[in-house]
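Structure first, commentary second.
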Amino acid sequence: MVKVAILGFGVVGSGVAEVLTGQGDGLHKKADELIELKYILDVRQFPDSPFAGCFVQDFSVIENDPEVDVVVETIGGVGAALDFTERALQAGKSVVTSNKELVATHGPRLLAMAAEHQVVYLFEASVGGGIPILRPLSDCMAANDILEICGILNGTANYIFTRMVQDGIPFAQALKGAQANGYAEQNPTADVEGHDTCRKLCILSSIAFGWHLQPQQVPTKGITQITLEDAAYAAACGRRIKLLGRAIAEEDGRICAYVEPHFVSLENPLAGVEDVFNAITVKGTATGDVMFYGRGAGKLPTASAVVADVIAAARQLERASYRPWQPNRPECIVSPEELATQWYVRLAQGELTGERLTIDQGQKGESGWLTPAMTKPALEKALAGKDVLAVIRVLD
């Protein structure tokens with residue numbers, strides 16, 4: 001029998017408890033073992049919960065119980081979550097997590113620690129919620145060299161763009177709607193400033209390229225400055241605005257990774273991804289483009305990915321563990337400023353070389369433009385002295 005402890009009883013933790021206990025026979029068959037929920041760690045009291053008898057408030061109870069085989073960490077952050085994860089691994093317990101900040105920041109060390117203690121550290125749910133992406137990227141595409149990863153990795157930002165376009169409401173109002181529907185936290189900074197997308201991109205890149213890409217090395221721009229006028233100009237040239245995380249492998253082996261909004265052609269499948277859905281395209285040398293699509297967040301989709309990792313850990317599948325990443329290689333990082341693409345530019349007044357865009361609701365004297373392909377420094381030179389209202393990269 002495999003006994004499980006869950007750390008944290010928030011949205012994801014409670015979802016994991018439901019899935020673990022609601023599909024007992026099915027999980028037993030898939031894991032070749034009985035899986036039992038023994039503990040839930042939380043500082044709060046839940047006397048009316050059906051799991052009330054499982055709650056503890058002291059992690060050492062879990063740490064020192066030899067019956068606990070798998071610890072599920074859903075606390076979030078890099079404080080207590082890091083401490084408890086290290087202690088669990090050192091105690092010879094496998095750890096499963098949905099914590100993208102912890103994995104993106106400390107993944108290599110935790111993977112190495114798991115290998116040292118002959119257990120596994122699994123984190124499928126840290127990217128894409130219920131979308132299976134990390135193990136397919138690590139195992140199913142192992143015969144490929146990965147050329148590019150590009151994706152919509154944050155459902156909150158995508159929901160906001162959908163509401164702006166479909167309902168014609170400004171960013172601030174769309175954000176309030178996301179918060180009212182439970183898609184955005186009361187402090188939405190990680191979502192709207194791109195930090196959440198950045199962390200997920202770092203995890204994907206580290207698995208794809210085999211060395212640790214750190215969040216602070218990825219230039220990141222959020223969506224707070226996007227306006228209805230920008231969305232209208234995008235529609236005028238057959239495009240939509242999406243917040244994308246991209247990691248591109250250069251011919252010399254260096255990586256160009258960044259997060260920022262893009263104009264995306266309607267001919268690109270990413271343009272049709274709406275609401276809280278995520279989509280990730282991976283380009284391999286043998287497969288070409290492969291796309292992973294689904295709900296990127298939510299209680300049960302994320303819990304599904306977590307419990308799948310619990311099953312893998314219960315079966316002690318050697319292939320279930322990710323290969324430890326190599327240390328960071330700062331010399332292998334290329335600035336996205338050197339990536340030549342078209343740009344959308346909105347000017348308060350004046351002219352610009354390129355294709356002029358026209359919309360009905362534009363302010364008098366204002367204009368939108370699509371530039372020829374150029375690097376960021378070349379664009380800045382072209383815009384010198386002009387009254388610029390917006391600049392957004394165009395996905396090639």
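The values are calculated or read from the model by the stated rules, or taken from the named source; none is laboratory data. In this text the structure is predicted, and so the values were computed from the model without any measurement. Neighbour counts run over all protein chains shown; Cβ positions are idealised from the backbone, glycine included. These area figures cover heavy atoms from the full protein model, side chains too; ligands, DNA and RNA do not enter into them. Shrake-Rupley method; radii C 1.70, N 1.55, O 1.52, S 1.80 Å.
For this structure, a couple of remarks:
- Elements of type helices (runs of 4 or more DSSP H) in region 2-107, at least 2 residues being in contact (Cβ under 8 Å) with a residue 60 or more places away in the chain: 11-22, 24-31, 80-90
The rows are residues; the columns are (1) out of contact with any Pro (no Cβ under 6 Å at 6 or more places or on another chain); (2) in contact (Cβ under 8 Å) with a residue 40 or more places away in the chain; (3) under 19 Å from LEU204 (Cα atoms).
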{"residue": "ASP275", "(1), (2), (3)": "yes, yes, no"}
{"residue": "LYS283", "(1), (2), (3)": "yes, yes, yes"}
{"residue": "ILE333", "(1), (2), (3)": "yes, yes, yes"}
{"residue": "THR353", "(1), (2), (3)": "yes, no, no"}
{"residue": "THR358", "(1), (2), (3)": "yes, yes, no"}
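- Selection status of GLY354, touching a strand residue (DSSP E or B) at 6+ places or on another chain (Cβ under 8 Å), surrounded by 12 or more Cβ atoms within 10 Å (Cβ to Cβ), modelled with pLDDT of 90 or more and on the phi > 0 side of the Ramachandran plot: yes
- Candidate set: region 213-254, residues that are farther than 18 Å from VAL192 by Cα and either of a type in the set (Lys, Arg) or buried (at least 22 other Cβ atoms within 10 Å of the Cβ) (or both); chosen: the one farthest from the chain's Cα centre (by Cα): TYR233
- Set TYR344, TYR322: member being of a type in the set (Phe, Trp, Tyr), open to solvent by less than 20 Å² (accessible area, probe 1.4 Å) and in a loop (DSSP other than H, G, I, E, B): TYR322
- Single residue of region 136-151 satisfying the filter (in contact (Cβ under 8 Å) with a residue 24 or more places away in the chain and part of a helix (DSSP H, G or I)) that is surrounded by the fewest Cβ atoms within 10 Å (Cβ to Cβ): ASP139
- Qualifying residue in region 251-258 (condition: in contact with a Ser or Thr (Cβ under 8 Å, 6 or more places away or on another chain), in contact (Cβ under 8 Å) with a residue 40 or more places away in the chain, closer than 20 Å to ALA184 by Cα and among the hydroxyl-bearing types (Ser, Thr, Tyr)): no
- Failed item, numbered, when ALA190 is tested on (1) buried (at least 20 other Cβ atoms within 10 Å of the Cβ); (2) of a type in the set (A, V, I, L, M, F, W, C); (3) closer than 19 Å to GLU73 by Cβ: (1)
- The single residue among VAL95, VAL78, VAL72, VAL56 that is open to solvent by 10 Å² or more (accessible area, probe 1.4 Å), aliphatic (A, V, I, L, M), closer than 21 Å to GLY128 by Cα and touching a helix residue (DSSP H, G or I) at 6+ places or on another chain (Cβ under 8 Å) turns out to be VAL78.
- When residues of region 152-171 are limited to those that are part of a loop (DSSP other than H, G, I, E, B) and of a type in the set (A, V, I, L, M, F, W, C), the one surrounded by the most Cβ atoms within 10 Å (Cβ to Cβ): LEU153
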